[in-house]
Amino acid sequence: MEIKNLKRLQTALVVGTVSVLGTTAGWAKDAKVAYIPCGQVNDGSWSEAGYDGVKAAKDALAKSGTNITIDYTENLSPSQAEVAARDYATKGYQTVVLHCGTFANAAYNAGKDFPNTNFLIVVAPKSVKNVWTYIPAMQDISFVAGYLAAKMSKSGAVGVVASFNFSNITWQAEGFRLGARYGNPKIKTYSNYINSFDDAGKAKEAAQAEIDSGADIIYSATDQASRGIYAAAEANGDLAIACYSDQSNLSPKTVLASALANIPLLVENMVSDSVAGKLVADKVYSVGMAGGIGELALNPELAKTIPPEVAKEVQSLMASIKSGQIKIPAFSEPGQSEQYDLNGLKSK
C-alpha cells in the first residue's frame, strides 16, 4: 500500500491508497472513493470494519466493470474531517465516506459546496441532496448481548463502558442495559462514557469502577479503548462482551462473545449504490437485525460455559427480533432503559 501525506491538512495525516483494476465493461468512468473513519483502519473494531466494507464494495464493483481507487485518512477531529472531505471533493472523488458519528456537520457542510460529490455519513439526523446517512441499528444486537450477560452474571450486576454519549453509541449502551433487564428484571446495570474511542487507560478505569460496584460482565461500546476493558475484566477474573467485530482473540479467557454489527455489509452496500447511482434521494438507510445487521459470535473457548438452555433462549430471542416480534427502542439518553416498561417490547 502506498502511503502519502495530505498536504492541505494542518496536522500530519496518513493517507493510504489502493488501486483496483477491472474490465472495461459496465460503467464508462472509473471512480475514486475516499474513506474518513474515527480511528485507524487496522483498529480491529469500528474503523477497520468500515474499511473492510469499502474494500468489499471495490471487489463487487470490479465484477460489474467499474474500476475504483480507494484513499483513506485516519484519526481526525471533526474539523479536520471536513477539511479532508473538501480536499477529496476538490480532487474529483465521486464518493466520500465519513465513518464517524461526530463527522455529521463535516458531511453536510462539504455537501453544500460540492454538489457533484456523494457524501456518506454514518448515524446522522437526515439525508439531504448529495449527503446520505447510513445507520446500523446497534441497539438490537446490544440488547441480545445484555440478555446473555444477565443470564451469565453470577453477581447480579453488569456494566457497559462506551466511548461517547452520542446517538448510536448511547443506543448500544442503553440497548445492552435494557436487554440485561429483559434477561433478569432484578439485575443492576451500570454505564460509563469515557469520551474517547482509543484511550485504553480511561476504559480500564471505567471498567474497574463498575467491577468494584459489583459488575462481573462488562460490555464494550468503544473502539481501540476496548483493550482496557478486557484488561480490567481479566485481572478480576470477570468476563467482557466485545462489539463491532470478533475480538475473542484479544482476550480469549475474558471475551465471552462479540456483538457483530456487520458494518462491512452496510458500508459495502452504501458505497456500491453510491458509485452506481442507486441511492434514493433523501432516504435514511437505517438497518438492524431484520436487515442482516447484528449477529452474536461466541468465543469458542468460553462457549461451553454457557448453559444449553441459555444458548437456546438467546437464539430464540434473536429470531424474535429479526422477525419483528420484539422491537428494540433506540434510547438517546443514559438511564432511559431503566425506566422502560419491558412489556412494551412485544410487537402489537
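A short reminder: the numbers here are calculations on the coordinates, not readings from a lab. What you are looking at is a predicted structure, and each value in this text was computed from that prediction instead of being measured. Cβ sites come from the backbone with ideal geometry, for glycine too, and all protein chains shown count toward neighbours.
Computed over the alpha-carbon atoms, region 269-344 gives an Rg to Rh ratio of 1.09, Rh here being the Kirkwood radius from the mean inverse distance. What net charge is computed for the residues neighbouring Gly183, neighbours being all others with C-beta under 10 Å from the C-beta of Gly183, Lys and Arg scored +1, Asp and Glu -1? That works out to +1. Charge dipole (Cα centre; +1 on Lys/Arg Cβ, -1 on Asp/Glu Cβ; no other charges) of the chain amounts to roughly 780 debye. Shown for region 300-348: lysine pairs separated by 8 or more places, or found on different chains, whose C-alpha atoms are under 22 Å apart, numbering 8.
With the highest mean first, a sort of the peptides 34-46, 312-324 on other beta-carbon atoms found within 10 angstrom per residue produces 34-46, 312-324.
Straight-line cross-link partners of Lys63 among the lysines, defined as a Cα under 21 Å from its Cα and at least 8 positions apart when in the same chain: Lys29, Lys32, Lys55, Lys278. Extension gain for Lys327 to Asp212 (0.36 nm times residue separation, less C-alpha to C-alpha distance): 38.1 nm.
Taking 0.36 nm per residue of separation and subtracting the Cα-Cα distance, full extension of the segment from Asp282 to Glu295 would add 1.9 nm. For region 202-339, averaging the sequence separation of C-alpha pairs within contact (under 8 Å, six or more residues apart) and dividing by the residue count gives a relative contact order of 16 percent. Give me the percent relative contact order of region 42-194, please, defined on Cα pairs under 8 angstrom at least 6 residues apart. Rounded, it is 15 percent for region 42-194. Shown for the chain: cysteine residues without a partner Cβ closer than 4.7 Å, namely Cys243. Principal axis extents of the Cα atoms in region 162-298, from largest to smallest and rounded to whole angstrom, are 52, 31, 28. As a size descriptor, the averaged projected area of the C-alpha convex hull of region 80-174 was calculated at 6.8 nm². Looking at the chain alone, DSSP beta bridges between its own residues are antiparallel in about 30 percent of cases. At the listed q of 0.14, 0.20 Å⁻¹, the Debye profile of region 99-249, built from one uniform point per Cα, gives log10 I(q)/I(0) equal to -0.65, -1.09. Beyond 13 Å, what share of the Cα-Cα pairs of region 173-225 is found? Please give it as a whole percent. Percent of Cα pairs beyond 13 Å in region 173-225: 58.
Shape summary: the chain maps onto an equivalent ellipsoid whose semi-axes, from the alpha-carbon gyration tensor, are 36, 21, 18 Å in decreasing order. Averaging 1/r over every pair of different alpha carbons in region 55-123 and inverting the result gives a Kirkwood radius of 12.5 Å. The value of relative contact order for region 151-276, using C-alpha pairs under 8 Å at least six residues apart, is 22 percent.
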